[in-house]
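Structure record follows, encoded as structure tokens.
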Amino acid sequence: MTILTPNSPTAELQALDAAHHMHPFTHGAGLRGKGARVITRAEGCWLTDSDGNRILDGMAGLWCVNIGYGREELAEAAARQMRELPFYNTFFQTTHVPAINLAARLAELAPGDLNHVFFAGSGSEANDTNLRLVRTYWHEKGQPERQVVISRWNAYHGSSVGSGSLGGMKGMHAQGGMPIPGIAHIDQPDWWSAGGDQSPEDFGLAMAKQLEDKILEIGPDKVAAFIAEPVQGAGGVIVPPETYWPEISRIVKEYGILLIADEVICGFGRTGNWFGSQTMGITPDIMTIAKGLSSGYQPIGGSILSGEVARVISDTEFNHGYTYSGHPVACAVALENLRILDEEGIVTRVREDTGPYLKNKFESLADHPLVGEAKIVGMMGSIALTPEKAARAPFAAEAGTVGLITRERCFANNLVMRHVGDRMIISPPLVISKEEIDILIERAWESLDEAHAQLE
Ligand code: PLP
């Protein structure tokens, strides 16, 4: 068979792709029609496609390439580790140096007493782990009836059956028998679309109160945990009102339920601190990590547990694990990635320099006639598209239509910006420069103009 290369003609690459490759979250008709965009190389914040276009990656891959593309140090760390020990498992009382070092480094970086790490290959796997962990925790504590995990509608916690059930994406639940039993959902704190006449502060309290109501409805002695992202990412970068997290924190404490902060997107500098929990002032019992942990250079995820959760779990044999839990190459790459984030001051720069610069520019998009609110925390932001700002009105067309048009205009202008319904999202590599931020905003504005003209 012919092996294609990055220099093969685009049409050939697309045809072979459409013939054999099943894509995540992609309608087959698109692949058979226009074909997939073929990305061949990347450097810094820039992608190159098979037609030679240079595209500014406003999404850091899939919210993950925090240190940017093309870092030789990570390639070398992988090659070194592959030569020394390409694989060994961490089951049955065995360990290896990269897993030891990475777990210890994460314990150092994580806030509070989060100091033990259970590794996984992805965020989905880590959240599956969490589901079993919290239930096992309560079983071991002599409260086996505490089984229910509460999550939020529109949350994304992964695509496996467990993590997809924890998530609150109705389109996902409609396929393949999700959610599994023992999971309940409350609303997300999306003031723009659901706040009505309430102030953001009152709305934040009302949304938090839903957690208390749900706990009381289920029975406080049956609830194991609440899981949420500090800032909901794939649901549309929903930045919660300031009153939301303090009230949630009060409620989980009052009812003694565990708090799982899903840091898969928010972690590793995205919000201007190492973890989104620090930015939002949350003290979780468990944090889910993946993506920025290795800047996406290797698939790796995990759960960081508090000392107390780890102590209870390690009083039994937790019959759970993945072949690639603590994969040595992935751990070595992640460790090198954390070194770069730290030594190059990337997290601090997001908090104190490029983050505020981006915020200022990004919020100016709210002046565009098609844009209602523009919200951003660190380097994750979203704009709500609307035909009528003051009323915070949705479009008459099916939800997502205008978002899709705008995303296509961004693509045509060589900017990757994603749409979730009629929200447009950015989450660029954390190393984006001020000049690149200017280009991002210019291209976003131009794409909004074109989408606006298309709607006239
Ligand atoms: N949790 C959050 C918050 C995510 O955004 C994602 C992926 O986007 C996941 C979990 C699942 O991670 P993965 O795709 O690595 O399985």
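Where a number appears in this text, it was derived from the coordinates with a stated rule and is not lab data. Because the structure is predicted, anything quoted here is derived from the model rather than measured. Don't worry about glycine lacking a Cβ; one is built from the backbone with ideal geometry, like all the others, and counts go over all protein chains shown.
Using Cα pairs under 8 angstrom and six or more residues apart, how large is the relative contact order of the chain, in percent?
Normalised by residue count, the contact order of the chain is 20 percent.
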Using alpha carbon centroids, what distance separates segment 1-50 and segment 228-292, in Å? 35
Backbone HN-Hα couplings from phi across segment 439-456 [Karplus 6.51/-1.76/1.60, Hz, Gly and Pro as x]: 5, 4, 5, 4, 5, 5, 4, 4, 5, 5, 4, 5, 5, 4, 5, 5, 7, 5
What does DSSP give for the chain in terms of the percent of beta bridges that are antiparallel, rounded to the nearest 5? 65
Note on the chain: alpha-carbon gyration tensor, axes a ≥ b ≥ c; rule is a/c under 1.5 for rounded, else prolate if a/b larger than b/c, else oblate; result oblate
Determine the distance separating the Cα centre of segment 67-87 from the Cα centre of segment 137-182; give it in Å without decimals. 35
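Show me the ranking of peptides 431-437, 103-109, 287-293 by mean Cβ neighbours inside 10 Å, starting with the highest. Working shown, then result.
Numbers: 431-437: 18.0, 103-109: 16.4, 287-293: 29.4.
Sorting 431-437, 103-109, 287-293 by mean packing, highest first, produces 287-293, 431-437, 103-109.
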Between residue 18 and residue 108, what is the spin-label point distance in nm, taking each point 7 Å from the Cα along the Cα→C-beta axis? 5.1
For a protection proxy built on the mean count of beta-carbon atoms within 10 angstrom, sort 261-267, 372-378, 8-14 highest first, please. 261-267, 372-378, 8-14
The size of the Cβ-based charge dipole (Lys, Arg +1; Asp, Glu -1) of the chain about the Cα centre, to the nearest 20 debye, is 740
Ranking request for peptides 88-101, 213-226: highest mean number of other beta-carbon atoms within 10 Å first, then the rest in descending order. 213-226, 88-101
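Rounded if a/c is under 1.5, else prolate if a/b is larger than b/c, else oblate: which is segment 1-134, with a ≥ b ≥ c the root eigenvalues of its Cα gyration tensor?
Judged from the Cα gyration tensor, segment 1-134 comes out prolate (a/c at least 1.5, a/b above b/c).
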Sort segment 260-356 into rounded, prolate or oblate with this rule: let a ≥ b ≥ c be the square roots of the eigenvalues of the Cα gyration tensor; rounded if a/c is under 1.5, and if a/c is not under 1.5, prolate when a/b is larger than b/c, oblate otherwise. oblate
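Within 10 Å of each candidate Cβ there may be at most 14 other Cβ atoms; applying that plus a DSSP loop requirement, which chymotrypsin sites (Phe, Trp or Tyr not before Pro) in segment 2-70 survive? Present the calculation step by step, with values, prior to reporting the outcome.
Numbers: sites: 25, 46, 63, 69; in loops: 25.
Sites meeting the loop and neighbour criteria: 25.
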Using only DSSP helix segments of four residues or longer, with each worth -39500 (n - 2.57), what per-residue ellipticity at 222 nm results for the chain after dividing by its residue count and rounding to 500? -12500 deg cm²/dmol
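How large is the dipole of segment 201-278 about the Cα centre if only Lys and Arg carry +1 and Asp and Glu carry -1, each at its Cβ, rounded to the nearest 20 debye?
Numbers: 6 positive and 12 negative charges, 40 e Å.
So the magnitude is around 200 debye.
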DSSP loop (so not H, G, I, E, B), at most 10 other Cβ within 10 Å: list which trypsin sites (Lys or Arg not before Pro) in segment 1-93 pass both filters. 34
Going by amide H atoms built from the backbone, whose H comes under 5 Å of the H on residue 301, apart from near neighbours? 120, 121, 122
Rg followed by Dmax, in Å, when segment 290-412 is reduced to its Cα trace: 21.2, 59
Which residues' amide hydrogens lie under 5 Å from the amide hydrogen of residue 188, considering only partners 5 or more residues apart or on another chain, with H built in the peptide plane? 153
